[in-house]
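Contents: one structure, followed by commentary.
Each value in this text was obtained by applying a stated rule to the coordinates, not by laboratory testing. Note that this is a predicted model, so its numbers are computed, not measured. Methodologically, a virtual Cβ is constructed for each residue, glycine included, from the backbone with ideal geometry; neighbour enumeration extends over all protein chains shown.
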Amino acid sequence: MAKTPEVLVVDQNPQVRFEVKRLLKQSQFALAGEAGFGTDAVSLAMETRPDVIICGMDDPATRSIQTIYALVNALPETAVIVYASTPTLDAARQAMLAGARDFVGAPATPRELEEAVAGALESEERRRMRLSGQMLSGGQGTIITVFGPKGGVGKTTIATNLALALAQETDLSVAIVDADTGFGDVAGMLDLKPHRTIADLAKRSDTLSREEVSGYLFPHSSGLLVLAAPAEPFGWRGISADQFRSVVETLARLHDVVIIDTGGDLGDIGLMTLELATLVLWVTTPEFSSIKDSLQGIEALQSISFPIDRIKITINSVSPENGVRPRTVEEVLQRAVFWQIPYDRRLRHESDMGEPHVLSSPTSPAAQSLIELAGTLGGTRGTERPSRSGLAALFARVRQ
């Protein structure tokens, strides 16, 4: 799941702010702060840099609209959601013209508030991905590289389960390439025993026809197609970076999505997996040593002018211990946390047994997070968020 959103509450009425804060706490959102209208709100927003701003609209609305407009101009990448006790279409129109991402009215259900916040965050992330060319699109398929410079962070587990979720939860054709130049585990995690690997395909990369490629891909029952790594690490010795590029680009012309699992090194093949990527899911755990290795890896890529905007930080909680907070990870890496996968001891165990987690335990928190990630990357919403009964009602979406 994505990190817990931090929300700034803006309203001139302290009692209303109290009610909004209470609902946010019950809905498990993090409070970034609270402020009245005007300069106070803008300065606090600039200081706290929240993920979402929830702003009230008074009647008359002049002061509210001025504040919304100032907030949107100060933090154009921060979603602003506006609420009003009189949710008229004219009020909604004014809020939207001022730059609000959504408009809700009071009172209503916590579920609708959650959907408003989630929808605003998703809309903003898609805007960023679209501007950077990272949205799944027609023509050549999207290449998603799962990378991390430290072993044991769960790259293969994430890559395999994400690929399965994409194959099952979307209408996209999905292939996964095992590019771990040490010991590739993707086929084992899927309980497959392929007799052809990327080493065989690379030898023919200059002359391959579209029809021949299918003979090197092994189907999983989910519909996912697998290009396995050589059975022994020495099998990579005969594969050049250019041959690897040719193989992946061929697969991307034939499939909507190509997932690349990596060994995490920055050798010729490792660098090529990053160069080819439309986006990189950069996996780290909350442990300090993993974050330190990630910082060194990102700095190394910056030194060779790699486009860092492709990198999406993904925190994989491999231990029940909390470790470093996501906000600290962001401060150290100077990158926003894109996704968080909650701890689940079954995630790695089931994959090691040839039973991928999203198939064997699809309702677990970790599986739901991976399925939701697949929905975000693939253009669907994944699974619906569960409702939280017994929460105070405050907001209602204004539906046209």
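Most simply put, the chain has about 10% antiparallel DSSP beta bridges, counting only bridges with both residues inside it.
Among Val332, Val247, Val146, what is the fewest-to-most ranking by other Cβ atoms within 10 Å?
Working: Val332 16, Val247 23, Val146 28.
By the 10 Å Cβ count, ascending: Val332, Val247, Val146.
Of the trypsin sites (Lys or Arg not before Pro) found in the range 226-317, not one falls in a DSSP loop while having at most 13 other beta-carbon atoms within 10 Å.
Based on DSSP H segments of at least four residues, each scored -39500 (n - 2.57), the chain has a per-residue ellipticity at 222 nm of -12500 deg cm²/dmol.
Listing Lys193, Lys203, Lys21 from fewest to most neighbouring C-beta atoms within 10 Å gives Lys193, Lys203, Lys21. Per the Debye calculation on the range 1-111 with a single equal scatterer at every Cα and no solvent contribution, log₁₀ I(q)/I(0) for q = 0.16, 0.19, 0.23, 0.24 Å⁻¹ amounts to -0.64, -0.93, -1.39, -1.52. Could you point to the label whose value was computed as volume of the Cα convex hull per residue in Å³ for the structure here, given (1) 142; (2) 183; (3) 112? Identified label for the calculated read-out: (1). With no solvent and one point on each alpha carbon, what is the Debye value of log10 I(q)/I(0) for the range 142-378 at q = 0.10, 0.14, 0.16, 0.17 Å⁻¹? The computed values of log10 I(q)/I(0) come out as -0.42, -0.85, -1.12, -1.27. For the range 298-379, the list of GluC sites (Glu not before Pro) that fall in a loop by DSSP and count at most 11 other C-beta atoms within 10 angstrom reads Glu321.
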